[in-house]
1. Output the residue which, of all residues in segment B:69-91 that are within 14 Å of another protein chain (Cβ to nearest Cβ) and in contact with a Ser or Thr (Cβ under 8 Å, 6 or more places away or on another chain), is nearest to residue B:150 (Cα to Cα).
2. Which of the residues belonging to segment B:180-205 are within 23 Å of residue B:87 (Cα to Cα) and either charged (D, E, K, R) or loosely packed, with under 13 Cβ neighbours inside 10 Å (or both)?
3. Give segment B:227-258 a look and list any residue that's touching a residue at least 40 places away in the same chain (Cβ under 8 Å), open to solvent by 20 Å² or more (accessible area, probe 1.4 Å) and either within 18 Å of residue A:91 (Cβ to Cβ) or part of a loop (DSSP other than H, G, I, E, B) (or both), or say none.
4. Taking the stated definitions as given, is residue B:319 open to solvent by 10 Å² or more (accessible area, probe 1.4 Å) and in contact with a helix residue (DSSP H, G or I) (Cβ under 7 Å, 6 or more places away or on another chain)?
5. Which ones in segment B:343-360 are within 15 Å of residue B:397 (Cα to Cα) and not in a strand (DSSP E or B)?
6. Which one of these is in a strand (DSSP E or B) and open to solvent by less than 60 Å² (accessible area, probe 1.4 Å): B:312, B:340?
7. Would you confirm whether any residue within segment B:20-42 is at pLDDT 90 or above, more than 24 Å from residue B:276 (Cα to Cα) and more than 24 Å from the chain's Cα centre (by Cα)?
8. I'm checking my understanding of the structure. Among residues of segment B:77-105 that are part of a loop (DSSP other than H, G, I, E, B) and farther than 21 Å from residue B:47 by Cα, which one is most open to solvent (accessible area, probe 1.4 Å)?
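The values are calculated or read from the model by the stated rules, or taken from the named source; none is laboratory data. As the structure is a prediction and not an experimental result, all values here were calculated from the model. FYI the Cβ positions are ideal-geometry reconstructions off the backbone, even for glycines, and counts take in every protein chain you see. The area values use the complete protein model at the heavy-atom level, side chains included, leaving out ligands, DNA and RNA. Shrake-Rupley method; radii C 1.70, N 1.55, O 1.52, S 1.80 Å.
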Amino acid sequence: MACSRLMWATRAASYLRISVPFTLRVRGFSSVLKDLKYADSHEWVKVDGISATIGITDHAQDHLGDVVYVELPEVGASMSQGSSFGAVESVKATSDIYSPVSGKVIGVNEELNSSPGLINASPYENGWIIKVEMSDKDETNKLMGSDQYSKFCEEEDAKH
Amino acid sequence: MRGGLWQLGQSMTRRLAQADKKTVARRYFSAEAELKKTVLYDFHVANGGKMVPFAGWGMPIQYKDSIMDSTLNCRQNGSLFDVSHMCGLSLKGKDCIPFLEKLVIADVAGLAPGAGTLTVFTNEKGGAIDDSVITKVKDDHIYLVVNAGCRDKDLAHIEEHMKAFKAKGGDVSWHIHDERSLLALQGPLAAPTLQHLTKEDLSKFYFGEFRMLDINGVHCFLTRTGYTGEDGFEISVPSENALDLAKAILEKSEGKIRLTGLGARDSLRLEAGLCLYGNDMEQHVTPVEAGLTWAIGKRRRAEGGFLGAEVILKQLESGPPVRRVGFFSSGPPPRSHSEIQDDKGKGIGEVTSGGFSPCLKKNIAMGYVKSGSHKAGTKVKIVIRGKAYDGVVTKMPFVPTKYYKPS
């Protein structure tokens, strides 16, 4: 990930007493994956037939900072699009996670119980949060594509 | 994730209820235009500072280091904080000590010249108006720093009492140090780094002490104090010299002392068991309930003579109804307003600050419980989003403090 490389670079530089340009803005480097769908509340969805894998985006984890706890739903719980199904806790902030699709939870990433930092280290792969069996696949049409989501993040950052 | 990090600034003072989000967002935007800026504002932005509204000021909540890394670096190396939003104040005049003693719980008269202490401004009911670090510069000069968020009410309170005091012939006046900026330099490298910038010997200058001296060639007020639990200083510097001083400190530390924002400052003070006014201490909370009985001078316990003394002295005698305590807990980190229950599920209090400790790698919190449930080792439940998690009452500070005291 671009941002963790940057962090490493600045940290290494500080140990090595090299001066780095302080104007680097880490947040501009968040990555977005082409084949995923995105919600405006910063979750991603990977669709495979009627199953959907859900996590939070690189942009979201970057803004949250070090994730220290993930509250997961139970397998079998039902989800509706736009409603909260869990929470991500960072050192200072609590953020609800909203389901980008409706359906039933068929899997949760238990590894997050012991390693919540996977959300930071690998937001699109090992940091996935739940798998849902979708009840209405058409709902994914309401979500953003990667280009639209990148633009959405830029606009949101500019506002703040 | 709605809100996401944008809540961070808000969560410093209060966790938002879901339902309030729209209102808060509006307030946030309307307030942003009028936010005050410290003289270091552009320096923060140029260094990657993420600026958020805090007590009417635009302040850096973090820079490009994460809050976790910043917190750890403060304890390992050092941190430089811009705390110019806080309000420095001098009280002068031959009666400034008897005047101040009417408003605070400290034995100000008993302080040696150049010595200071944490104190509390109380109201008639014994509740806390604010907490403040006060210093007796000399018998006719007191220097103090009050919280940014309490500035207006504190100044109004002091002014009202000052008018009455002067009307009776008392000699006291004030000067608000708006011409100065305040930097907090904290951590094990604070003293060696600052020593490069002054000729005065800092090895004989101890925790709580105050001195006026030249730093980086400029006349500064230096207090050996802080809000992290580490050794360190607060440096009041003329505003036109603040930027040069900040740069000199960072340079002399060879990059090891890092600019640090309010996010890590909150983690650090929580680990050190220190109160955040507005969260852990409020108008209705007495210093005894807040665990600051040690700050009530011996003479003051005997004589009273400060606002709310009757309530406070009575609590000293018969014990307070509630007490501030620390907790370790499992599950998600507790936040302010999480309910505290006894092991049978009965409500006994509320969390006032909480989070994940970057140094201890576990949840820490402080809050108020009924007396009787306050002893270290008492098992409790902490309710977060409807679920009860195990917690235990714990002594504070959570991380040992390293104040520089004579050995």
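1. B:80
2. Of everything in segment B:180-205, just one residue is within 23 Å of residue B:87 (Cα to Cα) and either charged (D, E, K, R) or loosely packed, with under 13 Cβ neighbours inside 10 Å (or both), namely B:180.
3. Within segment B:227-258, B:227, B:231, B:256, B:258 meet the criteria.
4. Numbers: open to solvent by 10 Å² or more (accessible area, probe 1.4 Å): yes; in contact with a helix residue (DSSP H, G or I) (Cβ under 7 Å, 6 or more places away or on another chain): no.
Spelling it out, it is not the case that residue B:319 is open to solvent by 10 Å² or more (accessible area, probe 1.4 Å) and in contact with a helix residue (DSSP H, G or I) (Cβ under 7 Å, 6 or more places away or on another chain).
5. Kept after step one, since they are within 15 Å of residue B:397 (Cα to Cα), are these residues of segment B:343-360: B:353-360.
The answer is B:358, B:359, B:360.
6. Details: B:312 fails: in a strand (DSSP E or B).
On inspection, the qualifying residue turns out to be B:340.
7. Kept after step one, since they are at pLDDT 90 or above, are these residues of segment B:20-42: B:35-42.
Still in the running and more than 24 Å from residue B:276 (Cα to Cα): B:39, B:42.
Right, trim to more than 24 Å from the chain's Cα centre (by Cα) and you get B:42.
So far as segment B:20-42 goes, yes, one or more of its residues are at pLDDT 90 or above, more than 24 Å from residue B:276 (Cα to Cα) and more than 24 Å from the chain's Cα centre (by Cα).
8. Taking segment B:77-105 and keeping what is part of a loop (DSSP other than H, G, I, E, B), we get B:77, B:83-86, B:93-95, B:102-103, B:105.
Adding the requirement that they be farther than 21 Å from residue B:47 by Cα leaves B:86, B:93-95, B:102-103, B:105.
On the way: B:86: 40, B:93: 15, B:94: 146, B:95: 33, B:102: 105, B:103: 1, B:105: 0 Å².
The qualifying residue most open to solvent (accessible area, probe 1.4 Å) is B:94.
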